[in-house]
Structure formats: structure tokens, C-alpha cells
1. Would you pick out the residues in region B:139-148 that are crowded, with 18+ Cβ neighbours inside 10 Å and facing chain A (nearest Cβ under 7 Å)?
2. Which residues, taken from region B:1-40, are within 13 Å of DNA strand D (Cβ to nearest atom), closer than 17 Å to residue B:57 by Cα, assigned to a helix (DSSP H, G or I) and free of Cβ contacts under 8 Å to residues at least 40 places away in the same chain?
3. Does residue A:151 fit the bill of being within 18 Å of residue A:95 (Cα to Cα) and within 11 Å of another protein chain (Cβ to nearest Cβ)?
4. Do the conditions hold for residue B:80, that is, is it more than 19 Å from residue B:93 (Cα to Cα), modelled with pLDDT of 95 or more, more than 14 Å from every other protein chain (Cβ to nearest Cβ) and more than 16 Å from DNA strand C (Cβ to nearest atom)?
5. If you scan region B:112-121, which residues turn out to be loosely packed, with under 15 Cβ neighbours inside 10 Å, away from chain A (no Cβ under 11 Å) and modelled with pLDDT of 90 or more?
6. Against the condition part of a helix (DSSP H, G or I), at pLDDT 95 or above and closer than 25 Å to residue A:170 by Cβ, how does residue A:85 come out, does it pass?
7. May I ask you to list the residues in region B:185-203 that are at pLDDT below 95 and more than 20 Å from residue A:159 (Cα to Cα)?
8. Anything in region B:1-27 that is at pLDDT below 95 and within 15 Å of residue B:51 (Cβ to Cβ)? List them, or say none.
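The values are calculated or read from the model by the stated rules, or taken from the named source; none is laboratory data. Everything numeric here is computed off the predicted structure, so don't read it as measured data. Cβ: placed from backbone, ideal geometry, glycine included. Neighbour counts: every protein chain shown.
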DNA sequence: GATGATATTGACACTATGTCAAGTTGCGGG
DNA sequence: CCCGCAACTTGACATAGTGTCAATATCATC
């Protein structure tokens, strides 16, 4: 691995991103990446340890470019738990749409590569944290539907908002991303937020 | 591929099952299977076209042994939509616990193998059908929470009851299977079934 | 014009899948 | 008894993709 953040390095990262999006993360070989980036296959190994390292570096690059922090801001600055939850779902939906191909690729190699698994799990943990923050806020307002523990509600919400879930609904059920947002918001609010403006059968 | 349902064939299938459970579906090679079954590696190819074919055959064998039909009976014979949903969730939870390792293995190869993908999708479709049946029944009783389409509710429930979701909650969040059943039932009923005995804030 | 970092080229080792051909074992029927 | 078939073994081989290594080329810059 070379030290500097060279031009070539960035070009490789951009290429990986592009190829992963084009091929939904599947069947992209090291040689494909090299060729598309206009370098030799070995040049890739000059900059990255191995395939896993390359993919992980790409996700970091994407985070940087996409500005994940900024994406989550509306959720973090929300004034009440319900809107925090709503905004978080919006943010996740957009984010997943951006990282789709790479996520699928990472998801695949994490089965066989320990480092990739760690990288993936870290990300999942971050999302879980976001879920937890929303649930905590809802609970602190006394609006968590009775019967839920904060932990249990967080786990369930986390599962509902997982990439796999998004992928199934978007690519398996052909939902549009705004449908995903609307429906998942509805289910999450029904399931976890008490005291909504009607919407259940009580009217 | 040989014709008869020989002893060896069954022994191989049992071995695959066992190894998949032991290793959570990961890193099980054709040679491992052969060795554990006490046959040569080539004997495996005498009975099965390739790895994908073998794994798919194993799932069929498991279905047969586990009696999937019987497992779903309580759900299918339920008298109302709400209990149909509850029973379906119980059945899925048990089933997932039984097929865990194999499911993970299939999940992995379906990315690269078209036939495996088809086999997996078929199973998913069957589960979706079960979700749809419960939702239909709930809707026909006029108890589907307002705002849902049958299709949308089915998709969401299907996603909630996916193997990936179960796996995340059981192996990622360390839930016990009865916790899974209880919590997922609760969320599903809150989300989709109107007119429950209170449980929301209206009291 | 030597130095060091960057890149190329081609050869190679490794792993796992799947294929092929030749040989073995066991068993039932003529 | 032995023919022949089916099931199985053995060992060699092709292939695909990853990762490694060594020798060489390019080029800026001091």
C-alpha cells in the first residue's frame, strides 16, 4: 500500500463505485476494476491490500462524497421523537438509494471476509444507534406504545430499516423510494408511537 | 446424475444438512461434504449436477423431513385473520430455526447462481403468499388498519417476516425465538390489525 | 544524472469448482 | 461361472479469480 492519497487511488475508488452501481455489486472482478480505471491489475494492489480493503475504502470515500453527516442532520435536530423518526427514515431511504450497489457487494463479501464483516457491522451499528435515538426520544416524551421496551423497539425498528429490508421492498416489490418512505413511516409510527391523530379505527 | 434414490444420495443430503447447520452455511466445500459423507468427491457429482443443485436438493429433502405443510396447518385453519397472522408468525419462527444454516448457504450462492436464486425466490414467494392470505383475511373482516392497501400491507409484512429479518433479530440482537414471536406478533398486529383490545394510548 | 516513488509486465502459487477417463467392486441373470 | 451393468474410486486436468513476486520502465526533482 502506498502512502499518498494519489490521483490514481481516487480514480480507482471512483471506478469501483461506478462499476458496483452498474452491476449491482455482482461479478465485478479486480481485473475489471483495473481495466476500467485505466491501470494495471497490480496497480490496484499497490494502493489496497486486497479486495475487501478496496471495497471498504470505497465506502469511506462514498461517505465522504455523499456527506452522510449532513444527510442525518434533519433527524438529529428534530424537535420531537415522532419527527426524528420520520426524518431518520427519509435519510435512510436516500442513503440506501445512493449506496445500493456497494452495499450489495459488501453484503456478499462479508460472508467470507472478516474485515468486511466488521466494516459492515460498524455501519449497521451506526444505524441502530440512529434507531435507538429516535426511540429514546419517543419514550422520553411518554409516547412509546405501551408494551415495548426501548431495546426491543430499537431492535425491531432497526430490522425494519435495514438495507436488506429496503432492498426487498424496492427491488423485490418494485416500490418507489417515496412509497418506501411513506409506508415504512406509517408502520413505524403505528407500531411505536402512541397518541397519533387518529388513523386507527377509533374514529 | 444417477436415477435411483439411493442410500448414498440420502446420506449426502443428510451430511449437507448437518454441515450447514454446524457451520452456519459458511465455508462448506464439496470436498468437506464428500469426506463427511464417506464418499469420494466425485461420487457427489454422480448424484448432483453441481453445488447449487445439491443445496437445492437438500432444501427439498429438509422440507420433506420437516413437514412444512403440517407446520403451516394451524395458520391455514385459523378462524379469523388475527389468529391466522399469529399462527403464521409462529410457524415461520420455527421453520427459520430449523433451516437456519441451509438458508444462509442458499442466500450466499443465490448471488452467483441463477438456479439457486430461483429456488430461493420460490420459497420467498410461498412465504409472501402466506402473508397475503393473512392480510386478505384481516381485510375481509374489515380489520385492516386504514390507510393500507392489501398489497402494501402484504409487502411490508413479508419484509418483516423475512429470513434476513429473523436472522438479524435472533443472531444479531440475541433474541430467543419466543421473544421473536411475541414481539413480531405485537408489531404486526399494531401495524395491520385494527380494533384490538386497547393497547394503544386511548385508555 | 542518481534517487525514490509510481506503475507495468509477465510469471507464478493457491483454492475451489467442475470434468474426464480408466479402473474397481459387487451383484443379478443368462 | 462369467457377463455386464451400476455405483463408486482414483488421479489427472481445465478453469476462474485472487493475491504475490521480481524485473523493469517512467518521471519528477534535487
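1. B:145, the sole residue that qualifies.
2. Answer for region B:1-40, where residues must be within 13 Å of DNA strand D (Cβ to nearest atom), closer than 17 Å to residue B:57 by Cα, assigned to a helix (DSSP H, G or I) and free of Cβ contacts under 8 Å to residues at least 40 places away in the same chain: B:7, B:8, B:9, B:11, B:15, B:30, B:33, B:34, B:37.
3. Considered against the rule, which asks whether it is within 18 Å of residue A:95 (Cα to Cα) and within 11 Å of another protein chain (Cβ to nearest Cβ), residue A:151 comes out as no.
4. Spelling it out, residue B:80 is indeed more than 19 Å from residue B:93 (Cα to Cα), modelled with pLDDT of 95 or more, more than 14 Å from every other protein chain (Cβ to nearest Cβ) and more than 16 Å from DNA strand C (Cβ to nearest atom).
5. Just the residues of region B:112-121 that are loosely packed, with under 15 Cβ neighbours inside 10 Å, to begin with: B:112, B:114, B:118, B:121.
Checking the rest, the ones that are also away from chain A (no Cβ under 11 Å) come to B:114, B:118.
Within region B:112-121, B:118 is the sole residue that qualifies.
6. On the way: part of a helix (DSSP H, G or I): yes; at pLDDT 95 or above: yes; closer than 25 Å to residue A:170 by Cβ: yes.
Yes: the conditions hold for residue A:85.
7. Within region B:185-203, B:194, B:195, B:196, B:197, B:198, B:199, B:200, B:201, B:202, B:203 qualify.
8. Correct list: B:1, B:23, B:25, B:26, B:27.
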